[in-house]
Amino acid sequence: MTELAQRRCVPCEGGVKPHDLSTATALKSKLRDEWQLVNEGKALQATFSFRNYYHTTAFVNAAAYVAHREDHHPDISFGYKSCTITWWTHSINGLSDNDFICAAKVDALL
(Lines give C-alpha, C1' and ligand atoms only; values in the text may rest on other atoms or scores of the structure.)
Protein backbone atom coordinates (compact mmCIF):
# COMPACT_ATOMS: atom_id res chain seq x y z
CA MET A 1 0.00 0.00 0.00
CA THR A 2 1.34 3.41 -0.93
CA GLU A 3 1.85 6.31 1.43
CA LEU A 4 -1.13 8.08 -0.15
CA ALA A 5 -3.42 5.09 0.44
CA GLN A 6 -2.51 5.04 4.13
CA ARG A 7 -3.65 8.63 4.65
CA ARG A 8 -7.19 9.79 5.46
CA CYS A 9 -9.11 12.59 3.80
CA VAL A 10 -9.63 15.81 5.69
CA PRO A 11 -12.78 17.92 5.31
CA CYS A 12 -12.45 20.65 2.70
CA GLU A 13 -15.02 23.41 2.83
CA GLY A 14 -13.21 25.66 0.38
CA GLY A 15 -10.94 28.56 1.11
CA VAL A 16 -7.84 26.64 0.03
CA LYS A 17 -6.21 26.70 -3.36
CA PRO A 18 -6.39 23.64 -5.61
CA HIS A 19 -3.13 21.94 -6.57
CA ASP A 20 -1.36 23.51 -9.51
CA LEU A 21 -0.57 21.37 -12.56
CA SER A 22 2.99 20.66 -11.41
CA THR A 23 1.92 19.38 -7.99
CA ALA A 24 -0.96 17.39 -9.47
CA THR A 25 1.38 15.76 -12.00
CA ALA A 26 3.82 14.79 -9.24
CA LEU A 27 1.05 13.25 -7.14
CA LYS A 28 -0.42 11.46 -10.16
CA SER A 29 2.93 9.74 -10.71
CA LYS A 30 2.29 7.83 -7.45
CA LEU A 31 -0.85 6.23 -8.89
CA ARG A 32 -1.61 3.54 -11.46
CA ASP A 33 -1.03 4.46 -15.10
CA GLU A 34 -4.78 4.53 -15.79
CA TRP A 35 -5.15 7.83 -13.94
CA GLN A 36 -5.07 10.96 -16.09
CA LEU A 37 -5.42 14.64 -15.33
CA VAL A 38 -8.50 15.96 -17.14
CA ASN A 39 -10.48 19.19 -17.33
CA GLU A 40 -7.31 21.29 -17.62
CA GLY A 41 -5.78 19.57 -14.59
CA LYS A 42 -8.80 20.19 -12.37
CA ALA A 43 -9.84 16.53 -12.13
CA LEU A 44 -8.33 13.06 -11.92
CA GLN A 45 -9.92 10.30 -14.00
CA ALA A 46 -9.34 6.63 -14.75
CA THR A 47 -11.19 3.92 -16.65
CA PHE A 48 -10.75 0.34 -15.47
CA SER A 49 -11.64 -2.79 -17.46
CA PHE A 50 -12.98 -6.04 -16.03
CA ARG A 51 -13.88 -9.52 -17.26
CA ASN A 52 -17.62 -9.23 -16.76
CA TYR A 53 -20.48 -7.34 -15.14
CA TYR A 54 -20.09 -9.13 -11.81
CA HIS A 55 -16.46 -8.02 -11.43
CA THR A 56 -17.31 -4.51 -12.59
CA THR A 57 -20.13 -4.04 -10.08
CA ALA A 58 -18.05 -5.55 -7.27
CA PHE A 59 -15.35 -2.95 -8.00
CA VAL A 60 -17.91 -0.13 -8.22
CA ASN A 61 -19.37 -1.10 -4.84
CA ALA A 62 -15.90 -1.28 -3.26
CA ALA A 63 -14.95 2.12 -4.73
CA ALA A 64 -18.23 3.60 -3.46
CA TYR A 65 -17.44 2.21 -0.01
CA VAL A 66 -14.01 3.91 -0.11
CA ALA A 67 -15.71 7.19 -1.04
CA HIS A 68 -18.24 6.80 1.77
CA ARG A 69 -15.55 6.01 4.36
CA GLU A 70 -13.45 9.00 3.29
CA ASP A 71 -16.49 11.28 2.91
CA HIS A 72 -15.14 12.34 -0.48
CA HIS A 73 -17.34 11.46 -3.42
CA PRO A 74 -16.37 10.96 -7.06
CA ASP A 75 -18.40 10.65 -10.21
CA ILE A 76 -18.62 6.97 -11.08
CA SER A 77 -20.02 5.58 -14.31
CA PHE A 78 -19.92 1.98 -15.42
CA GLY A 79 -21.10 -0.51 -17.98
CA TYR A 80 -20.79 -4.21 -18.54
CA LYS A 81 -16.98 -4.44 -18.48
CA SER A 82 -15.69 -1.01 -17.49
CA CYS A 83 -15.86 1.66 -14.83
CA THR A 84 -14.77 5.30 -15.00
CA ILE A 85 -14.05 7.23 -11.82
CA THR A 86 -13.48 10.98 -11.71
CA TRP A 87 -12.22 12.67 -8.56
CA TRP A 88 -12.06 16.40 -7.86
CA THR A 89 -12.78 18.59 -4.89
CA HIS A 90 -15.99 20.40 -5.73
CA SER A 91 -15.62 23.09 -3.07
CA ILE A 92 -12.36 24.35 -4.61
CA ASN A 93 -13.13 23.43 -8.24
CA GLY A 94 -9.87 21.53 -8.57
CA LEU A 95 -7.68 18.86 -7.08
CA SER A 96 -6.75 18.49 -3.42
CA ASP A 97 -4.80 15.82 -1.55
CA ASN A 98 -8.14 14.10 -0.89
CA ASP A 99 -8.51 13.24 -4.58
CA PHE A 100 -5.13 11.54 -4.73
CA ILE A 101 -5.67 9.76 -1.40
CA CYS A 102 -8.94 8.30 -2.66
CA ALA A 103 -7.47 7.37 -6.04
CA ALA A 104 -4.66 5.50 -4.24
CA LYS A 105 -7.24 3.68 -2.10
CA VAL A 106 -9.08 2.67 -5.27
CA ASP A 107 -5.77 1.45 -6.74
CA ALA A 108 -5.34 -0.76 -3.69
CA LEU A 109 -8.62 -2.52 -4.58
CA LEU A 110 -7.14 -3.83 -7.84
Seminar exercise, completed: Highest mean packing first, using Cβ neighbours within 10 angstrom, the peptides 4-12, 79-87 sort as 79-87, 4-12
For this session: Have a look at 64, 82, 11 and report the one farthest towards the positive end of the charge dipole of the chain, computed about the Cα centre with Cβ charges (Lys/Arg +1, Asp/Glu -1).
Result: 82
For this session: Would you work out if the range 32-81 is rounded, prolate or oblate? Take a ≥ b ≥ c from the square roots of the eigenvalues of the alpha-carbon gyration tensor; rounded if a/c is under 1.5, else prolate when a/b is larger than b/c, oblate otherwise.
Result: oblate
Problem set entry | Karplus 3J(HN,Hα) series, Hz, for the range 87-93 with 6.51 cos²θ - 1.76 cosθ + 1.60 (x for Gly, Pro) | 9, 6, 9, 4, 5, 10, 6
For this session: Quantify, in whole percent, the carbon and sulfur part of the accessible surface of the chain (1.4 Å probe; protein heavy atoms only).
Result: 51
Problem set entry | the range 7-110: GluC sites (Glu not before Pro) in DSSP coil with no more than 15 other Cβ atoms inside 10 Å | 13, 40
Exercise. Considering only protein heavy atoms, what per residue accessible area in square angstrom results for the chain with a 1.4 angstrom probe?
Worked result: 58
For this session: Report, in debye and to the nearest 20, how large the dipole of the chain comes out about its Cα centre when Lys and Arg carry +1 and Asp and Glu carry -1 on their Cβ.
Result: 280
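The values are calculated or read from the model by the stated rules, or taken from the named source; none is laboratory data. From a predicted model like this one, the values you see are computed outputs, not experimental measurements. Positions of Cβ are backbone-derived with ideal geometry, glycine not excepted, and every protein chain shown enters the neighbour counts. Just the protein is used for accessible areas: all its heavy atoms, side chains included, with ligands, DNA and RNA removed. Shrake-Rupley method; radii C 1.70, N 1.55, O 1.52, S 1.80 Å.
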